[in-house]
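Undergrad: Okay, here's the structure, questions in a sec.
The values are calculated or read from the model by the stated rules, or taken from the named source; none is laboratory data. Please read all numbers here as calculations on a predicted model, not as lab measurements. As a convention, Cβ positions derive from the backbone with ideal geometry for all residues, glycine included, and neighbour counts pool all protein chains shown. For accessibility, only protein heavy atoms count, side chains too; no ligands or nucleic acids. Shrake-Rupley method; radii C 1.70, N 1.55, O 1.52, S 1.80 Å.
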Amino acid sequence: MPLKPPYGPVGEAGPDTTAGSWAAFARAFRDPVQALPPPWADLFAPLRTGAVDDLVVIGQIGQSLDGRIATETGHSHYINGPAGIEHLHRLRALVDAVVVGVGTAIADDPQLTVRRCEGPHPARVVLDPKGRLAGSAKIFAADGVRRLVVTAADTRCAPPAGVEIVALPLEGGHIAPHDVLASLAERGLRRILIEGGADTVSRFLAAGCLDRLHVMVAPIILGSGRASFILPPVERADQALRVPMRTFRLDGETLFDCDLSAQRVPVGRAKIST
Ligand SMILES: NC(=O)c1ccc[n+]([C@@H]2O[C@H](COP(=O)([O-])OP(=O)(O)OC[C@H]3O[C@@H](n4cnc5c(N)ncnc54)[C@H](OP(=O)(O)O)[C@@H]3O)[C@@H](O)[C@H]2O)c1
């Protein structure tokens with residue numbers, strides 16, 4: 001696959017002539033003894049090894065300049081342009097599992113496969129405590145990829161054959177993100193992408209269950225619609241969550257790579273580490 005416009009620091013323009021092949025990078029990424037080739041290493045190296053424990057958990061949000069992930073009707077295709085979408089596929093290609101909330105699974109019926117770059121498809125995980133997702137959802141498609149539904153312990157969940165059911169207790173009406181990660185780790189899933197939507201990513205963020213957060217900002221203003229993050233209210237601006245971050249430019253969009261490792265709660269070890 002030819003290399004697409006490279007990731008450059010904000011303010012720099014023009015192609016990066018040191019660019020290597022993505023396929024080679026994706027292979028090296030999973031081999032702990034191999035050095036990571038440029039130009040991808042700078043951005044993706046932090047996703048290779050856990051800073052706090054064996055897991056690496058990445059949240060991603062694609063949003064407008066005014067911090068919206070979708071219109072009021074829930075329409076979000078496509079807030080981000082081709083480069084932003086390709087970045088999402090690169091993230092999928094590097095992780096063991098991609099997690100979405102059932103709201104996204106119903107609204108978008110996403111495939112969650114890797115199509116815009118080379119790399120293996122991750123396992124697909126839907127958080128569906130009430131068992132609302134129809135068996136015909138693309139996430140459940142029997143395409144040889146591992147599929148899991150995380151549901152509440154007392155929910156009678158009947159997904160299609162071959163879909164693994166992970167039943168977890170509710171705490172205050174929700175499943176603790178820590179428990180989700182621990183269950184995935186037990187099943188050998190170590191690098192995990194929390195792909196959306198806002199409710200799901202916000203819960204992992206609030207619970208200290210993200211190592212990194214990739215916020216892809218598109219140069220559009222929606223002016224209304226769904227906010228990217230919903231967190232417990234703070235009284236003053238200086239009480240806001242402030243995190244170390246780097247920026248990268250992808251064509252006309254800007255990626256904010258936030259390092260949340262300082263607030264990440266430990267989860268444990270995955271059974272299989274690759
Ligand atoms: N721009 C982007 O990057 C992006 C990415 C993905 C999605 N989206 C958009 O986001 C919208 C959907 O987002 P959303 O925030 O409404 O929904 P969501 O995060 O996709 O799903 C939320 C639902 O998932 C379940 N859930 C998630 N975490 C849970 C937990 N810890 N414990 C228990 N249940 C949990 C709950 O289901 P129950 O309601 O059944 O309890 C919850 O209401 C869509 O419009 C979609 O197009 C945008």
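Undergrad: Over the Cα atoms of the chain, Rg to Rh with Kirkwood Rh, two decimal places?
TA: Looking at the chain, the ratio lands at 0.94.
Undergrad: Can you give the FRET efficiency for Lys130 and His77, using 1/(1 + (r/R0)^6), R0 = 45 Å, r = Cβ-Cβ distance, to the nearest 0.05?
TA: 0.95
Undergrad: With the chain treated as a Gaussian network of Cα nodes joined by springs under 10 Å, which of Leu43, Leu88, Leu189 yields the largest mean-square fluctuation?
TA: Most flexible of the set in this elastic network: Leu43.
Undergrad: More than 18 angstrom separation, counting every C-alpha pair in the range 136-194; what % is that?
TA: When every Cα pair of the range 136-194 is considered, 40 percent fall beyond 18 Å.
Undergrad: Per residue, what accessible area does the chain have, given a 1.4 Å probe and all protein chains present, in Å²?
TA: Dividing the accessible area of the chain by its residue count gives 47 Å².
Undergrad: May I ask for the percentage of alpha-carbon pairs in the range 77-173 that lie more than 23 Å from each other?
TA: Within the range 77-173, distances greater than 23 Å cover 27 percent of Cα pairs.
Undergrad: Under the 0.36 nm per residue contour assumption, what length would be gained going from the current alpha-carbon distance of Val265 and Arg242 to full extension?
TA: 6.6 nm
Undergrad: Next up: At what distance in nm do the modelled label points of Asp42 and Asp154 sit from each other, each positioned 7 Å from its Cα along Cα→Cβ?
TA: Rounded to a tenth, the inter-label distance reads 5.3 nm.
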